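Data block below; observations after.
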Amino acid sequence: MRDVRGWLSCAGFRGRPATLTLALALLPVVLLVVDALTPPDIRLGPLMVAAPTFAAVLCSTPCVILVCVVALTCAVVAAGVNAQLDTANFAVQIGTIALISVAAVAASAVRVRRERELAQSRWVAEVAQRVLLHPLPRRTGPFDLASLYMAADEEAAIGGDLYAATRNGPCARILLGDVQGKGLASLEMVSCVVNSFRQSVRHDSPLVEVVRELEATFVEDVEELSAAANADPRSGSPYGDEAFVTAVVLELPDEGPMRLANLGHPPPLLINEGTVAALEPTVPELPLGLGMLDGQEVMVDQADLPPGATLLLYTDGVTEARGPSGAFYPLAERLERWASLPPDALLAAVRGDLRDYVGARLADDVAMVAVRRSPARVAPPARADRRTRSDELTEARGAA
């Protein structure tokens, strides 16, 4: 179904129901003309049933009724041209077309109703996405920001990846994570992590404390969802006690090096002066929800983000996307050609290139956040004190 509609969109029919209905209505007419011009032993009347069949898939219910009426009329005329009106075959042929027409109208009505329900579900999902993952501000302090989200479940328009950004005084903090699972089933976990991050940042806690609060709050939320699942399996979470979230928590002071905690997530990529470097964590950390297993302190690394440099945060849906040959998407290599682009243009370039590389729908959700420190401003050269002859005469007269 999706391939047929994609072909129609490329052919210029999508969004033009009148044109599509006219084309399908003309199909029986064309078959009737061809049938009239060919010998009597060649009968094209049975082929007219194709028009109602295609209309059931592609047209609205009133348009399907119109195509069915045209097809039945043309079938009767074709039988008259071939002198078949008084034969038993004519009754069978008309009965078949009539039954298929009734089925086409019913199928069209069901399809239209399901499409409306799907459109409503997509609208609800998009609203939920805007509430939980609203686009990041284009600028915070000396940093330019851009965010991108692509759900693997295109019908749901939302999945298990998340991002958020807050600012408290001369410091910005950014979170990007990947919840276990994807699609609407992961929406509860996304809500838990994002809300916990926003609340912890408001307390102006150090980055280590922010991570601890994220861990504690996430574990509590999972326990509550597990308890609800045990009480009522129909409304519980599908994750149970095995839920976890990989994440990167980034702290960006307006001046000085940035600090980041990597919780089992792919390393951010630093793009600076045409080179791309992965910021690997000094000590690998466990994802959120599993931190209790080691009991160690959270390791926070530092790194410089020079003026004009860009930091790209991403989920594994990018680097684990496979092309037709089965090779993974080479994100770091592709970024070198876009090193000079601003954050929004950089993400747009990655998105288009990733779509072309995969050649089909994504197998996993994709989220990216690009952060660029504004280039250092160069002070304009001091203007020379240009003195004219008239200025010198004026000063001389004043001295006299």
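The values are calculated or read from the model by the stated rules, or taken from the named source; none is laboratory data. Predicted, not measured: the structure shown is a model, and the values here were computed from it. Note: ideal-geometry Cβ built from the backbone for every residue, glycine included; neighbour counts use all protein chains shown.
One residue stands out among those in region 174-186 that are out of contact with any Pro (no Cβ under 6 Å at 6 or more places or on another chain) and surrounded by fewer than 21 Cβ atoms within 10 Å (Cβ to Cβ): the one that is modelled with the highest pLDDT, which is GLN180. Within region 40-87, being surrounded by 19 or more Cβ atoms within 10 Å (Cβ to Cβ) and free of Cβ contacts under 8 Å to residues at least 12 places away in the same chain holds for no residue.
Taking into account only those residues within region 364-378 that are touching a strand residue (DSSP E or B) at 6+ places or on another chain (Cβ under 7 Å) and outside any strand (DSSP E or B), which is modelled with the lowest pLDDT?
Residues of region 364-378 touching a strand residue (DSSP E or B) at 6+ places or on another chain (Cβ under 7 Å): 365-374.
The next check asks that each one be outside any strand (DSSP E or B); those that pass are 365, 374.
Numbers: ASP365: 84, SER374: 88.
The qualifying residue modelled with the lowest pLDDT is ASP365.
For every residue, the table says whether it meets (1) of a type in the set (A, V, I, L, M); (2) over 21 Å from PRO206 (Cβ atoms).
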site	(1), (2)
LEU260	yes, no
LEU286	yes, no
ALA327	yes, yes
GLU333	no, yes
GLY352	no, yes
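Residues to consider are VAL194, VAL201; find the one that is modelled with pLDDT of 85 or more, assigned by TED's automatic domain parsing to the domain that holds VAL318 and not in a strand (DSSP E or B). Give the steps one after another, and end with the answer.
Numbers: VAL201 fails: modelled with pLDDT of 85 or more.
Being modelled with pLDDT of 85 or more, assigned by TED's automatic domain parsing to the domain that holds VAL318 and not in a strand (DSSP E or B) holds for just one of VAL194, VAL201, which is VAL194.
Within region 295-320, the only residue that satisfies the criterion of being closer than 25 Å to GLN180 by Cβ, small (Gly, Ala, Ser) and surrounded by fewer than 20 Cβ atoms within 10 Å (Cβ to Cβ) is GLY295.
Could you please let me know if GLY256 is more than 18 Å from ALA146 (Cα to Cα), crowded, with 22+ Cβ neighbours inside 10 Å and not aliphatic (A, V, I, L, M)? Taking the combined requirement at face value, the residue does not satisfy it.
In the set GLY80, GLY6, GLY15, only one residue is modelled with pLDDT under 80, assigned to a helix (DSSP H, G or I) and in the same structural domain as GLU115 (by TED's automatic domain parsing); that residue is GLY6.
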